[in-house]
1. Would it be correct to say that F27 is surrounded by fewer than 18 Cβ atoms within 10 Å (Cβ to Cβ) and assigned to a helix (DSSP H, G or I)?
2. All but one of (1) open to solvent by less than 60 Å² (accessible area, probe 1.4 Å); (2) within 13 Å of ligand 2 (Cβ to nearest atom); (3) over 22 Å from the mean Cα position of the chain (by Cα) hold for M38; which doesn't?
3. Considering every residue within segment 95-103, establish whether at least one is under 21 Å from the mean Cα position of the chain (by Cα), in a helix (DSSP H, G or I), more than 12 Å from ligand 1 (Cβ to nearest atom) and of a type in the set (S, T, Y).
4. Take the residues in segment 105-160 that are away from ligand 2 (no atom under 11 Å from the Cβ), among the β-branched types (V, I, T) and part of a helix (DSSP H, G or I), then tell me which one is surrounded by the most Cβ atoms within 10 Å (Cβ to Cβ).
5. Residue check, L96 against (1) away from ligand 2 (no atom under 12 Å from the Cβ); (2) under 26 Å from K172 (Cβ atoms), all met but one. Which one?
6. For residues that are under 15 Å from H51 (Cβ atoms) and β-branched (V, I, T), scanning just segment 106-130, find the one that is nearest to ligand 1 (Cβ to nearest atom).
7. Can you tell me which condition A76 does not meet? The list is (1) in contact (Cβ under 8 Å) with a residue 24 or more places away in the chain; (2) touching a helix residue (DSSP H, G or I) at 6+ places or on another chain (Cβ under 8 Å), and all the others hold.
8. Scanning for something within 16 Å of ligand 2 (Cβ to nearest atom), out of contact with any strand residue (DSSP E or B) (no Cβ under 9 Å at 6 or more places or on another chain), open to solvent by 30 Å² or more (accessible area, probe 1.4 Å) and part of a helix (DSSP H, G or I), does segment 79-87 turn up at least one residue?
Amino acid sequence: MGMRNSATQWGALAKSFHWMGAVLTIFLIAFGWWMIHMAERAERLANFGIHASIGYDLLLLIALRLCWRAIDRGPALPADLLRWEKGAAHLGHFLLYFLLFAVSVTGWMIVSSARRPIDASLLGFIPVPLLDRAGDKAFHDLAEDVHRYLSYTLLVLIVVHVAAALHHHFGKKNDILRRML
Ligand code: HEM
Ligand code: HEM
C-alpha cells in the first residue's frame, strides 16, 4: 500500500487521516457528553481543557486532511452505484466535513467567551488565540447551544455513515469498506 491514493484504493495517508479522525471524533462526543452529564463539577474546567485541546488537534487534522484531499483525490465510487446513491454519498461526506469544522469552531467560540479561562492548547503546547469575548454571556450561551446541537447531529450522521459502509460491505458486497481498511 503506497502513501498515495490509487484509482481503486485509498492510500496510507488518507486512511490514517480517516481513522485518526474517526477515533478523535468519537472520543470527543463521548467525553463531551460525559464531562457535562457525569463528571464532578469541581473537575469541569480541567475536563473542558482536555476536551478543547483534543478538539483543536482534530481541527488541525481535518485541515491537513482537506489539503491532502485537494492534492490527491480519492478513488471514484464504483460505477454500478445508482445516481442517487452517489449523490447521497457525496452529500453525506460533505456534511461530515462541514459538521466537524463547524463543531470545532463553535467549541473555540465557547472557550473564547468563558467566564473563567479554560486552559487548552494545540498539540499540548501551542497556544491558540481567542476571540475577544471573555464573559459575553449571550454569545457563550448561543455558542454552547449550537455546539451541542451540531455535535449530536454529527453523531446521527456518523451512525448513518457506518450503516452505509456496512451495507456496502455485507449487503452489496462491493469493496467500498475494504479499500478504506
Ligand atoms: C467517527 C467518525 C467518522 C467520520 C467523521 C468519517 C468521515 C468520513 C468522510 C468525511 C469520508 C469521505 C472521505 C473523502 O471522500 O474525502 C469517509 C469515507 C469513508 N468512511 Fe468514514 N468516517 C467515520 C467513521 C467511519 C467508520 C466507523 C467506518 C466503517 C465502519 C467508516 C467507513 C468509511 C468508508 C468505507 C469510507 C470510504 C468511502 C469511499 O471509498 O468512497 N467511516 N468517512
Ligand atoms: C468535532 C469536534 C468536537 C466534538 C464532536 C465536540 C463534542 C462535544 C459534546 C458532545 C459536548 C457536550 C454537549 C452537551 O451535552 O451539553 C461538548 C461540550 C463542550 N465542548 Fe466540544 N466538541 C468538539 C470540539 C470542541 C472544541 C474544538 C472545543 C474548544 C476549543 C470544545 C469545547 C467544548 C466545551 C467548552 C464544552 C462544554 C460546553 C458546555 O458547557 O455546555 N469542543 N463538545
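1. Values: surrounded by fewer than 18 Cβ atoms within 10 Å (Cβ to Cβ): yes; assigned to a helix (DSSP H, G or I): yes.
Judged against the criteria, F27 is a match.
2. Tallying (1) open to solvent by less than 60 Å² (accessible area, probe 1.4 Å); (2) within 13 Å of ligand 2 (Cβ to nearest atom); (3) over 22 Å from the mean Cα position of the chain (by Cα), M38 fails exactly one: (1).
3. Taking segment 95-103 as the starting set, the residues that turn out to be under 21 Å from the mean Cα position of the chain (by Cα) are 95-103.
Next cut, in a helix (DSSP H, G or I) only: 95-103.
If we keep only those that are more than 12 Å from ligand 1 (Cβ to nearest atom) as well, we get 102.
With of a type in the set (S, T, Y) added as a condition, the list becomes none.
Within segment 95-103, none of the residues are under 21 Å from the mean Cα position of the chain (by Cα), in a helix (DSSP H, G or I), more than 12 Å from ligand 1 (Cβ to nearest atom) and of a type in the set (S, T, Y).
4. The extreme case among them is V160.
5. Going through the list (1) away from ligand 2 (no atom under 12 Å from the Cβ); (2) under 26 Å from K172 (Cβ atoms), L96 breaks only (1).
6. Only one residue tops the list, namely T106.
7. The one condition A76 does not meet is (2).
8. No; the residues of segment 79-87 include none that is within 16 Å of ligand 2 (Cβ to nearest atom), out of contact with any strand residue (DSSP E or B) (no Cβ under 9 Å at 6 or more places or on another chain), open to solvent by 30 Å² or more (accessible area, probe 1.4 Å) and part of a helix (DSSP H, G or I).
The values are calculated or read from the model by the stated rules, or taken from the named source; none is laboratory data. Given the structure is predicted, the values throughout are model-derived calculations rather than measurements. Neighbour counts are summed over all protein chains in view; Cβ atoms, including those assigned to glycine, are modelled from backbone coordinates with ideal geometry. Note: accessible area is taken over every heavy atom of the protein model, side chains too, but ligands, DNA and RNA are not part of it. Shrake-Rupley method; radii C 1.70, N 1.55, O 1.52, S 1.80 Å.
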